[in-house]
1. Whole-Hz Karplus ³J(HN,Hα) for region 65-81, in order, using 6.51 cos²θ - 1.76 cosθ + 1.60 and θ = phi - 60°, x for Gly and Pro?
2. Report, to two decimal places, the Cα Rg of region 29-81 normalised by 2.2 N^0.38 Å (N = number of residues).
3. With a bin width of 10 angstrom, please list the P(r) values of the chain as percents of all Cα-Cα pairs, from the 0 bin to the one holding the largest distance.
4. By how many nm would the segment from N73 to L47 grow when fully extended, if each residue of separation counts as 0.36 nm and the alpha-carbon distance is taken off?
5. Any cysteines in the chain with zero other Cys Cβ atoms under 4.7 Å from their Cβ? List them, or say none.
6. Non-local amide H neighbours of F67 (under 5 Å, H modeled in plane, Pro and chain starts lacking H): which ones?
7. Which percent of the Cα-Cα distances in region 1-51 go past 17 Å?
8. Have a look at S70, T86, G15 and report the one farthest towards the positive end of the charge dipole of the chain, computed about the Cα centre with Cβ charges (Lys/Arg +1, Asp/Glu -1).
Amino acid sequence: QVRLVESGGGLVQAGGSLRLSCAASTSDFGMYYMAWYRQAPGNQRELIAGITSAGTTNYAEAVKGRFTISRDNAKNTVFLQMNSLTPEDTAVYYCYCRWILSTAWGQGTQVTVSS
C-alpha cells in the first residue's frame, strides 16, 4: 500500500503563492499517475491537476494558468505550485496516485486564502 504525505499548506493572502509537496512511499513512483484534488466545505472533491508518468499534465479550468503540477521521480515527490491565489482556492488539498489497480490518497493539507 502506497503512503502519500502532503505538506506545504497554510494561510496566505490573496494574490500570494504556495507550493504543496506530496511524498510517496514507493519505489515504483515513476510509473504512477499523480494528481491533486481539493475539497472546499460543502463541495465535492474535485480534480485540479494531474501528471502522467510521461509528464503530460492536465488542469481544471479554474486553476489553469495559475497552478503548475510537476514531479521529481528521483525524490518520489509531486509538487503543486499555486500562484495568484484567491479566497475561492481555500480548501483541503489532497494528493492522489494511481497505477494499474493501486491507488492511494494523502491525508490532505489545508490551504486558506484570506482576502
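1. The phi angles translate into x, 10, 10, 9, 9, 8, 9, 10, 5, 5, 10, 6, 9, 10, 10, 9, 8 Hz.
2. 1.17
3. Final binned percentages: 15, 50, 29, 6, 0.
4. The N73-L47 span can extend by a further 7.2 nm.
5. Cys with no partner Cβ under 4.7 Å: C97.
6. The list, which skips near neighbours in sequence, is N83.
7. 51
8. Sorting the options by dipole projection puts first S70.
The values are calculated or read from the model by the stated rules, or taken from the named source; none is laboratory data. Worth saying up front: this structure is predicted, and the values here are computed from it rather than measured. Neighbour counts run over all protein chains shown; Cβ positions are idealised from the backbone, glycine included. The accessibility values were calculated without ligands, DNA or RNA, using every heavy atom of the protein model including side chains. Shrake-Rupley method; radii C 1.70, N 1.55, O 1.52, S 1.80 Å.
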